[in-house]
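Trainee: One structure, as structure tokens, below. Some questions next.
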Amino acid sequence: MSVLTVVAYATLPLGSSSYEQHLLPTMLVGLVYALVAIFGFQLVQGRGRAFAVAYACVQVPLGFVLFSFSGAAAGAVLLLVVLVSQSVLLLPTPGAAAVAAIIPLVHVNMAWPDGLWEGLNTLAVTTFTLVVTLLLVREQRARAELAAANEQLRGYAAQAEQLATTQERNRLARDIHDGLGHHLTVVQMLLQAARAVIDTADPDRLDTMLAKAQDQSKQALAEVRRSVAALREPRSEPLVDALRVLAGEAGVPTGVEVRGAARAIPVEVEESLFRAAQEGLTNVRKHAGASAVTVVLDFDRDDVVRLEVRDDGCGLSGDVPADTGYGLVGLRERVANLGGRVSVDSAADRGLTLTVEVPA
């Protein structure tokens, strides 16, 4: 609006046959009007209705005087049209409409047919300006309200996330307190009782207490595993890289072989295959006595990913079942939940191969 005001002021000498007679007063009054329209508008904006009404009461008569001096120049009408837009920003809608209705009265001193025609034209212009400015103001307000609503929603989302995190922490705290705390308390009591009878001639009673303490310890370990599983976040590195890192920590010379083109697979499948390799290498280190291990990750099939852990160790003797050990049982359960299968191929002195196949 400031630019439009300057342009309208610059066109004041044009558009009238009588501008030469009143050029100086026209330019002086126009300069005062333009300065008030630029700086006075900024001064009264946002300072209350009284200042806005005073601004309109000053500019409307000043605009009429300017229109008269300029000989009905188009620049004077344009300056009054700017006042309509400013009234929308300063006054309530009825007040701005009143300003838009008053401005066409600048033509009352003209001859009857021409004055009526020019007045109707000016009324159409001021009405159009009023409506367009109102629409722009409403759109601006709607955008501001939408931005505020979005900011509020982001705040609510952050609060909800924080609340969910707090609730999950409280749940885990309760689980640890009620589960792990209970088991450790029982273990402590059983060990104290065992120490009290250790020097007595009742080995059966001592053995019973220690067996119960061991059972409670296993249950406590299960509670820890459940809590850790709930807190664990997925690894950020690709599965192949994670397997190479795991192979480097195996304690036995271990190679990693990838068959086929590696592809993206679900996070839970990656986690299961990684845990399978971890369990296989742990068993090799503990029991196999192997000199070399190979971890194979096979992507050749489109619907299945296969993992193999092969070693050249002592293998399993005929009287040792392949399903012994909590780790392997847990691995079977994990893979079964994904619709996969686990197999162990072993013979004495010929090493062992752990194979895991998971749909992916």
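The values are calculated or read from the model by the stated rules, or taken from the named source; none is laboratory data. Owing to the predicted nature of the structure, the values given are computational and were not obtained by experimental measurement. Heads up, the Cβs are rebuilt from the backbone with ideal geometry, glycines too, and the neighbour counts pull from every protein chain shown. These accessible areas exclude ligands, DNA and RNA; they are computed on the full protein's heavy atoms, side chains included. Shrake-Rupley method; radii C 1.70, N 1.55, O 1.52, S 1.80 Å.
Trainee: Here is a list: Ala98, Ala147. Which entry is free of Cβ contacts under 8 Å to residues at least 24 places away in the same chain, more than 26 Å from Ile38 (Cα to Cα) and assigned to a helix (DSSP H, G or I)? Break it down into steps so the answer makes sense when it comes.
Mentor: On the way: Ala98 fails: more than 26 Å from Ile38 (Cα to Cα).
After ruling out the rest, the residue left standing is Ala147.
Trainee: Still on this structure, please answer the following. Just checking, how many residues over segment 121-154 are out of contact with any helix residue (DSSP H, G or I) (no Cβ under 7 Å at 6 or more places or on another chain) and more than 18 Å from Ser68 (Cα to Cα)?
Mentor: Looking only at that region, the number is 23.
Trainee: Does Glu118 count as more than 21 Å from Thr5 (Cβ to Cβ), among the charged types (D, E, K, R), in a helix (DSSP H, G or I) and modelled with pLDDT of 90 or more?
Mentor: It is false that Glu118 is more than 21 Å from Thr5 (Cβ to Cβ), among the charged types (D, E, K, R), in a helix (DSSP H, G or I) and modelled with pLDDT of 90 or more.
Trainee: Could you tell me whether Arg235 is modelled with pLDDT under 80 and assigned to a helix (DSSP H, G or I)?
Mentor: Criteria not met by Arg235.
Trainee: Hey, among the residues in segment 239-270 that are of a type in the set (A, V, I, L, M, F, W, C) and in a loop (DSSP other than H, G, I, E, B), which one's least open to solvent (accessible area, probe 1.4 Å)?
Mentor: Once the filter is applied, the top-ranked residue is Ala250.
Trainee: Could you run through segment 271-295 and say how many residues are within 20 Å of Val335 (Cα to Cα) and open to solvent by 30 Å² or more (accessible area, probe 1.4 Å)?
Mentor: 5
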